[in-house]
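A quick write-up on the structure given underneath.
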Amino acid sequence: MTPETLGAASVAYVALMFLLAHAADRAAAAGRWRWMNRPAIYTLSLSVYCSAWTFYGAVGYATRSGLEFLTIYLGPGIVFAGAWWGLRRLVRVARLHRVTSIADLISSRFGKSAGLAALVTLIGVLASTPYIALQLQSVSMALSAFAVPGHPLPGNVALWVALGLAAFAILFGTRHLAANERHHGVIMAIAVEAVVKLAAFVAVGAYVLWGIADGPADVLARIDRMAVSAGGEGWLIRPDRWFALIMLSGAAVMVLPRMFHVLVVEASDEDRLRQAGWAFPAYLAAMSFLVLPIAVVGADLLPRGSNPDLYVLALPLSQGRDTLAALVFLGGFSSAMSMVVVSAIALSTMMANHWLVPLWLWLRQAALSEPAAAREDLGALMLNARRLAIVSVIGAGWLYHRSTGGTTALAAMGTVAFSGMAQVLPAMVAGLIWRGATRRGAIAGILAGALIWGRMIFLPSLGLAAPPAMPAGIDPFAGAVLLALAVNLLLMTLISLMDFPDPTERLQALSFVHAIAPDASASEAGAAVQAEALLTLAGRIWGNEHALDVFRRAAEDQGKSGYLPDLTPRFLADYERHLAGTVGAATASALMTRVGGRGGVTVAELMEVADEASRAREDNRRLEQTSSELARTAAMLRESNEKLTALSEQKDAFLGQISHELRTPMTSIRAFSEILMEPDLPAEDRARFAGIIQDEAGRMTRLLDDLLDISVLESGRAQLKPGVANLHDLIERALAAAGANAAGRDFAIRRNPLAEHLPVITDPDRLLQVLINVIANARKYCDATEPAIRIDARRTASGGTEIDIHDNGSGIGPEDRALIFEKFARLDDPSRAGGAGLGLAICKEIMGFLGGSISYLPGQGGACFRIALPPRPPRRAENPENAAG
Amino acid sequence: MRARMRRLFLGRDAYRKRRLGDATRVLPVLFALLAVLPPMWLPQYFSYARGAVWLAASWALTIAVTAALHGAIGGGGAEDEDDA
């Protein structure tokens, strides 16, 4: 087995994972993810805790320091024994607030503080750097174990591994900006990798245990012989390290960015902790207890001076078991790969949300919700920020690997990371159990702890500072860890006790500590907030489709039709949380303030809320159901009432108008026909007057045609003539037809011809009629100085077709939107319209007839109509009486 | 405010479920005591094979008890409902 073969095998393995992740992502996008959403997959994905450190480093660690290596697994074992009350609370609260990362959790709890989020992100990035370096180092080290003496490996293995893993993380971690930070493809790949690494480790462990040694009893005897052997003094447990490391690893399993990501962010409910609570410790126990035989047998059999971090490979190799060694290599590669990919994704979300986006917002003071800015794709910006962050995180790991020379013991690098991230633990735990913990306290504690960690652990690990001097008898590492955590906890507690937090923070504290939904009634909408501005903002972050979907559903819940819900406090709070699920709580809150002009909460308001709440809580519970029902009905009634009032006025006006419309041409026809009867009229005048009569008669015919058309459609007597048509051709014809009638204005037409080539099964003539109508309307009413029409066509997930026709004019005012699809509605002066206002009403009837819909999309920076077609037209009953509707 | 008052008294099944929940709080404390204290008190005694067996046994026991408790608690989050 040469390093080249193994390199090729790893590339093939990555390609396989790539395919798997891709398939899982596609299945999830198509809504078939139920089978992926099992507690077992969740439990397996947690095993990302077992990185290359476990795979290679644990054996080295055990060889040098005996049972101390077990502390790294006992900590998580203790934490998971309490999964049902501790972790479940964490997951529940985080899901309630749609938390995207550990930094987001801390920041959200402490008043959505942007500064705190940035600080935690910084610690996360610093602490993860040595950890990622560890993974890169392990892969190149493992490859070198296979190298033939005299043929050294190329020096840049670590770089290639880093590049490949960065590509994987970018492809699957930043595919789209999800409204919840979940990545089905990556999780699926990690679950499979968990099985691969367990299988590889169990294989080598079992081989060593029974193939080389004589079973457990022999291994225990060998362990006892370590006590008197030459290297055995390192095996003696040092109480201070034992305690500090168990504490650190217990913290790490919750606060390491990648662990928080798989444990909390990717959890789709809290019930899966029931299984993970025992299955994950079982996984850890299996991995960790197999380390012991490999370590002691390796120390016995392998020549002195061989690297204990590589025993797991060297043992099968020394026995000529090349295939087993290759399997082990793949297992180790798996563990390194999943750790780097998940870490990079988790850290890049933190960096993008808490560093890059706030910076960008600060640089750009322009209003974010201006319709003119609607085109600007905020989502793409955020994705690019994440890609940049992934490259820099992995790049930093590689640099760390280079600067340490790749010779450090793996476990030493891992504990640096653990102790750094653990500085977040006091704030997190206090935030979840103590309402009195405040932002200033958390910042002071974390900052002090991180500074001590940086000076006493991180810099010395890089060789940039001398290791701390501790009193004799105290281990420098354990001493530094306990000191940093003690100062951290003390400062946080003291400052919190003396502090008076601001109202936002107190609301969040209440919500986090009691695991109740964030309060919706405290922050009132500023007068300037408009649903449309919020929709525009959301569209720029999630993409139009998702934003429209969210708004439509919210409107539906309120009993309204269309895309613009009322800005109730509940809706605003939900909206902000939804945003927070993508950009983090601090940024979401900043965006709301910026776009919505929403002011902060005052202490008085807060007291009022709390007072009312305690009185009304019990009543509320009973009334909530009824009142929301009532509110929905009321909203529905209000909407229909408004529509009815406007309609009845319009209908009255219409009778006058329709008579007027019929009478005007009739008058001129009569007048000119009388003139024609004059005997001595010049021939050219006669021709001109006859022409006028013809035009006027034509206008009347069109009007009558429209009236007839709509009455036929409404009564359900229309005939559906289904056929297959190419949408591109239809749009082409519609543009030609609509262009022919238009006045001589120059319109820019923006289309994507490739996307338009969609076969549609419908009544092509009817669809064409709708297209012509909408395009002609856009040409008629678009008031931009450089008018342009954009047409987008796409296939929806359900197989239907959507066509958006979009102009860059001033759009239709909110008060008119409810009416445009009604018969006889004409918004401005009739002279411009040149019809009786039946066009869109006919379109609506036709689309209903075709089984689809036409709707006005608000917040697009101009008028935009969406024509939606079902995959195939509805089957009409033969009897026209039944088909009406 | 969407908080709900917890019921003061429960039926038999819900009562049992809540006591099982209490047990899951004691469990990590017990395991922490087993895993942390003996090796710290008697490092000589627990540093080698005896320590490995002690830790393996106590961890395996903890995992088994956790699995049993979590199984008994069962799915469905309706622990506040009164079934009496």
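The values are calculated or read from the model by the stated rules, or taken from the named source; none is laboratory data. Computed from a predicted structure; not experimentally measured. Backbone-built Cβ (ideal geometry, glycine too); neighbour counts: all protein chains shown. These area figures cover heavy atoms from the full protein model, side chains too; ligands, DNA and RNA do not enter into them. Shrake-Rupley method; radii C 1.70, N 1.55, O 1.52, S 1.80 Å.
Miscellaneous remarks
- Accessible-area value, A:LYS844, 1.4 Å probe, nucleic acids and ligands omitted, Å²: 90 Å²
- Here's how it looks for A:SER101: its modeled amide H is under 5 Å from none belonging to a residue 5 or more places away or on a different chain.
- Surface calculation, 1.4 Å probe, protein heavy atoms: A:SER229 sits at approximately 40 Å² accessible.
- Cα gyration tensor, the stretch A:249-305 - rounded (a/c under 1.5), prolate or oblate: prolate
- For the stretch B:16-31, heavy-atom accessible area (probe 1.4 Å) falls by no less than 40 Å² from the chain alone to the full protein assembly at B:THR24, B:ARG25, B:PRO28, B:PHE31.
- Rounded to the nearest whole Hz, the Karplus-based 3J(HN,Hα) values (6.51 cos²θ - 1.76 cosθ + 1.60, θ = phi - 60°) of the stretch B:48-55 follow the sequence 10, 3, 4, x, 4, 5, 4, 5, with x at glycine and proline.
- Per-residue mean of foreign Cβ neighbours for A:234-243 is 5 (Cβ atoms of other chains, 10 Å radius).
- Ranked by the mean number of other Cβ atoms within 10 Å per residue, highest first, peptides A:11-21, A:725-735 order as A:725-735, A:11-21.
- In order through the stretch A:110-120: 3J(HN,Hα) via Karplus (6.51 cos²θ - 1.76 cosθ + 1.60), integer Hz, x for Gly, Pro: 9, x, 6, 7, 5, x, 5, 4, 5, 5, 4
- Applying a threshold of 23 Å to the alpha-carbon distances of A:LYS560/A:LYS721; A:LYS560/A:LYS844; A:LYS560/A:LYS643; A:LYS651/A:LYS721 flags A:LYS560/A:LYS721; A:LYS651/A:LYS721 as lying beyond it.
- For the stretch A:454-506, the calculated P(r) over all alpha carbon pairs, in 5 Å bins from 0 to the bin holding the longest distance, is 4, 18, 17, 17, 12, 10, 9, 8, 4, 1 percent.
- Only Cα pairs under 8 Å and 6+ residues apart enter the sum, and on that basis the relative contact order of chain A stands at 15 percent.
- Applying 1/(1 + (r/R0)^6) with R0 = 51 Å to the Cβ-Cβ distance of A:ALA227 and A:ALA30 gives a FRET efficiency near 0.30.
- Among A:ALA326, A:SER343, A:LEU284 - extreme Cα towards positive end, dipole of the stretch A:215-362, charges at beta-carbon: A:ALA326
- Inter-chain Cβ neighbour count for A:865-873, averaged per residue, equals 0 (cutoff 10 Å, partner chain atoms only).
- Karplus (6.51, -1.76, 1.60) ³J(HN,Hα), θ = phi - 60°, over the stretch A:243-248, in Hz, Gly and Pro reported as x: 5, 4, 6, 5, 5, 4
- Sorting A:ARG98, A:ARG26 by solvent-accessible area of protein heavy atoms yields A:ARG26, A:ARG98, largest first, with a 1.4 Å probe.
- In the stretch A:78-171, inverting the average of 1/r over every pair of distinct C-alpha atoms gives 16.8 Å as the Kirkwood radius.
- Simple Cβ-charge dipole of the protein assembly as shown, Lys/Arg +1 and Asp/Glu -1, about Cα centre, in debye nearest 20: 2620 debye
- Taken over the protein assembly as shown, the alpha-carbon convex hull comes to 211 cubic angstrom per residue.
- The overall shape of the stretch A:681-735 is oblate: from the C-alpha gyration tensor, with semi-axes ordered a ≥ b ≥ c, the ratio a/c is 1.5 or greater and a/b is no larger than b/c.
- Largest-first ordering by accessible area, 1.4 Å probe, given options A:VAL195, A:VAL157: A:VAL195, A:VAL157
- Expected-Rg normalisation [2.2 N^0.38 Å, Cα atoms] applied to the stretch A:23-118: 1.44
- Averaged over the residues of peptide B:52-59, the number of Cβ atoms from other protein chains lying within 10 Å of each residue's Cβ is 5.
- Where the stretch A:420-550 is the region considered: accessible area per residue in Å², 1.4 Å probe: 40 Å²
- Toward the positive end of the charge dipole of the protein assembly as shown, with +1 on the Cβ of Lys and Arg and -1 on the Cβ of Asp and Glu, the farthest Cα among B:GLY11, A:PHE477, B:MET40 is that of B:MET40.
- Summed over both chains, the accessible area lost when B and A associate is about 3900 Å², using a 1.4 Å probe.
- Computed [θ] at 222 nm, deg cm²/dmol, chain A (DSSP H ≥ 4; -39,500 (n - 2.57); rounded to nearest 500): -21000 deg cm²/dmol
- Accessible-area value, A:PHE500, 1.4 Å probe, nucleic acids and ligands omitted, Å²: 130 Å²
- When A:HIS660, A:HIS578, A:HIS22 are compared by accessible surface with a 1.4 Å probe, the order from highest to lowest is A:HIS660, A:HIS22, A:HIS578.
- Three-way shape call for the stretch A:157-304 based on the alpha-carbon gyration tensor, with the a/c threshold at 1.5: prolate
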